[in-house]
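Colleague: One structure is given below, represented as structure tokens, and several questions about it will come after.
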């Protein structure tokens, strides 16, 4: 089954509702929550990978939007401005899932998209602002 990563923004009034539960029960979607920050009465964000049929995905997205949840495609890649990068390794030091590393042979930055949860820690850590997310 195909999967897609999406970034969800929950309005404060929706923070305590079991919205992801409905994606499973009502739409037969399998959510893999990669990152979430949701507090009662505050705007919340969730990065989720949804797996399911195209029809179920479309219906699930329509449901989310009807509940006031903003849905957008998640970042698709980490980009490096090689002219700005000085290969300091700070981005790799903060990358908990290990998606960024320095190659042993030539110390170039290596990005493993499958490990990335798009937490943006690398973007913040880069002193030269050489690391950016591409949507």
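Just so you know, all these numbers are worked out from the coordinates, no wet-lab data involved. Small disclaimer: the values here were computed from a predicted structure and weren't measured. Cβ placement follows ideal geometry from the backbone for every residue including glycine, while neighbour counts extend to all protein chains displayed.
Colleague: Roughly how many Å is it from the Cα centre of the stretch 21-37 to that of the stretch 79-121, as a whole number?
Modeller: Going from one Cα centre to the other spans 29 Å.
Colleague: Can you give me the angle between helix 54-66 and the longest principal axis of the chain, using Cα atoms only, in degrees from 0 to 90, rounded to the nearest 10?
Modeller: The answer is roughly 80 degrees.
Colleague: Still on this model: Could you order the peptides 2-12, 36-46 from most to least packed, using the average number of other C-beta atoms within 10 Å per residue?
Modeller: 2-12, 36-46
Colleague: Which entry is the computed mean projected area of the Cα convex hull in nm² for this structure: (i) 8.4; (ii) 9.1; (iii) 9.9?
Modeller: It is the one labelled (ii).
Colleague: As a check on your grasp of the helix formula, calculate [θ] at 222 nm for the chain: sum -39500 (n - 2.57) over DSSP H runs of n ≥ 4, divide by the residue count, round to the nearest 500. Please list the in-between numbers first.
Modeller: Numbers: 4 runs with 30 residues, N = 135.
Rounded to the nearest 500, it is -6000 deg cm²/dmol.
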